[in-house]
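**Q** Got a structure for you, questions after.
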Amino acid sequence: MITILTLQVYNTPGVLDRVAGLFRHNGWNIESISAGVIKEGATSINITFKNQYVDMKQLSKQISKMEFVRGWEECTADTHFMRELLLIKIRKEDFDALPLPQKHVIHDGGGVLWVECADSPGEIDEALRSVSVLDCARSGGTIISRGGTAS
């Protein structure tokens, strides 16, 4: 099971180090982490962990003590849309075997293609097992809530 913890934090130096340190201190493994400014002075940090037990009650207490955290939420595929960006370098003959519906060639270097894809982290994992990868980069999981209405 994939879970993403999303934190809204004040954009100050050392925040990412303190958040990662919280996971390290508790012996929890971070599968991926991504961060980006969502508005002036505020950053969203998405931390993905999967197939491990994380004591959310304990984590909640520890996060609430951090003065730079504005809010946080535990997110799953049931409540949020999860996507990850994959940039991959593959042989041209492997392109059709890449099982991602939304794939786009960003550069054709003769017998090698550079391709960008966006899909759920699980689908990205599956795609990487299906082709011979020359090189790749992954953004880590990011999320947006399924509920609510536009304001």
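**Q** Once log10 I(q)/I(0) by the Debye sum over Cα atoms at q = 0.10, 0.13 Å⁻¹ is worked out from the coordinates, which option in (1) -0.43, -0.68; (2) -0.29, -0.50; (3) -0.35, -0.61 does it equal?
**A** Checked against the structure: label (1).
**Q** Here is a further query. Tabulate in residue order the Karplus-calculated ³J(HN,Hα) for the stretch 70-86, using 6.51 cos²θ - 1.76 cosθ + 1.60 with θ = phi - 60°, rounded to whole Hz; enter x for Gly and Pro.
**A** Coupling constants for the stretch 70-86: 8, x, 7, 8, 8, 10, 10, 5, 6, 10, 9, 8, 10, 9, 9, 8, 10 Hz.
**Q** Around L85, which amide H atoms from residues at least 5 apart in sequence, or from another chain, sit under 5 Å from its own amide H, with H modelled in the peptide plane?
**A** Under 5 Å from the amide H of L85 lie the amide H atoms of S139, G140, each far enough along the sequence or on another chain.
**Q** Sum -39500 (n - 2.57) across every DSSP H segment of at least 4 residues in the chain, then divide by the residue count to get the 222 nm mean residue ellipticity, nearest 500. It would help to have the intermediate numbers written out before the result.
**A** On the way: 3 runs with 31 residues, N = 151.
After summing the helix terms and dividing by residue count, I get -6000 deg cm²/dmol.
**Q** Now for a separate question. Give me the one-decimal nm value for the distance between modelled label points at V112 and R138, 7 Å along each residue's Cα-to-Cβ direction.
**A** Reported label-point gap for V112 and R138 is 2.2 nm.
**Q** Quick one: which of 81-87, 107-113 comes out on top by average Cβ neighbours within 10 Å, and what's the full order, highest first? Show your work: numbers first, answer last.
**A** On the way: 81-87: 18.0, 107-113: 11.4.
Listed from highest to lowest mean packing, they are 81-87, 107-113.
**Q** Would you be so kind as to identify which of T3, V69, L87 lies farthest towards the positive end of the dipole of the chain, taking Lys and Arg as +1 and Asp and Glu as -1 on Cβ and the Cα centre as origin?
**A** The Cα lying farthest towards the positive end belongs to V69.
**Q** Taking the Cα centre of the chain as the origin, how large is its charge dipole in debye, to the nearest 20, when only Lys and Arg (+1) and Asp and Glu (-1) carry charge on their Cβ atoms?
**A** On the way: 16 positive and 19 negative charges, 103 e Å.
Dipole of the chain, to the nearest 20 debye: 500 debye.
**Q** What is the set of long-range amide H partners of E31 at a cut-off below 5 Å, with H atoms built 1.01 Å from backbone N?
**A** T48, F49, K50
**Q** Relative contact order of the stretch 2-75, please, whole-number percent, based on alpha carbon pairs below 8 angstrom and at least 6 residues apart.
**A** Numbers: 102 pairs, mean separation 37.5, N = 74.
Relative contact order for the stretch 2-75 comes out at 51 percent.
**Q** Could you work out the local net charge near A118, counting Lys and Arg as +1, Asp and Glu as -1, over the other residues with Cβ closer than 13 Å to its Cβ? Each step should come with its number before you reach the end.
**A** Values: positive: R83, K103, R138; negative: E84, E116, D119, E123.
Combined, the nearby Lys, Arg, Asp and Glu give -1.
Since every read-out is calculated from the coordinates, none of them should be taken as a lab result. Values in this document were obtained by computation on a predicted structure and should not be read as measured data. Backbone-built Cβ (ideal geometry, glycine too); neighbour counts: all protein chains shown.
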